[in-house]
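Just so it is clear, none of the values below were taken in a lab; they were calculated from the coordinates. It should be emphasised that the depicted structure is a prediction, and the values quoted were computed from it without experimental measurement. Quick reminder, even Gly has a Cβ in these numbers, built from the backbone with ideal geometry, and neighbours come from all protein chains shown.
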Amino acid sequence: MPPVGFITVETELSAGEDASRMLGRLLVELELIADTQFAVPTYQAAASLALWRGDPADARRVADVAWDRVRTTEDWVLAAPTASTLLGVAAEVAEAARDRRDLGTLAAIHARAEAVLAEVERIVDRSGLGRTSSRAGRWTRSSPPERRVAPAAG
């Protein structure tokens, strides 16, 4: 099984130390690799591990790094799952901020989520496939509206 596959399974099962150590090594190696196609699953696993460990702030940092790296490629195949990960993490961060009544963080994460959603929609639209094609449309259909971050007011 490839390392990222192992990490994903290990994270989903137990968020164990083996996955954490291997993921740490992979994240360091990603800084040396120019090809982002291998980075996306690693960043997704890192964000998932952080959420499993109850650290939405760390998950947010990883998701932000992933998005900043992928968005410049204009590759919808990479941008769509990365945006989906970032929006899922944003929902977790927003929930934690609501629980703490942290309106500043809630407003910031809402703005970030809206900006990412608009940008990934633009990337998919520019791909020429459109969001209704069977392949490009998967990311929009698999991201239910409730995953969008609720407005800060309320």
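Mind listing which trypsin sites (Lys or Arg not before Pro) in segment 61-134 are in a DSSP loop and have 15 or fewer other Cβ atoms within 10 Å?
Hits after loop and neighbour filter: Arg101.
Which value in nm describes the separation of the simple spin-label points at Arg122 and Arg53, placed 7 Å from the Cα toward the beta carbon?
Going by the 7 Å Cα→Cβ label model, 3.4 nm.
Can you classify segment 62-120 as rounded, prolate or oblate using the Cα gyration tensor, where a ≥ b ≥ c are the square roots of its eigenvalues, rounded means a/c under 1.5, and otherwise it's prolate if a/b beats b/c and oblate if not?
In terms of gyration-tensor shape, prolate.
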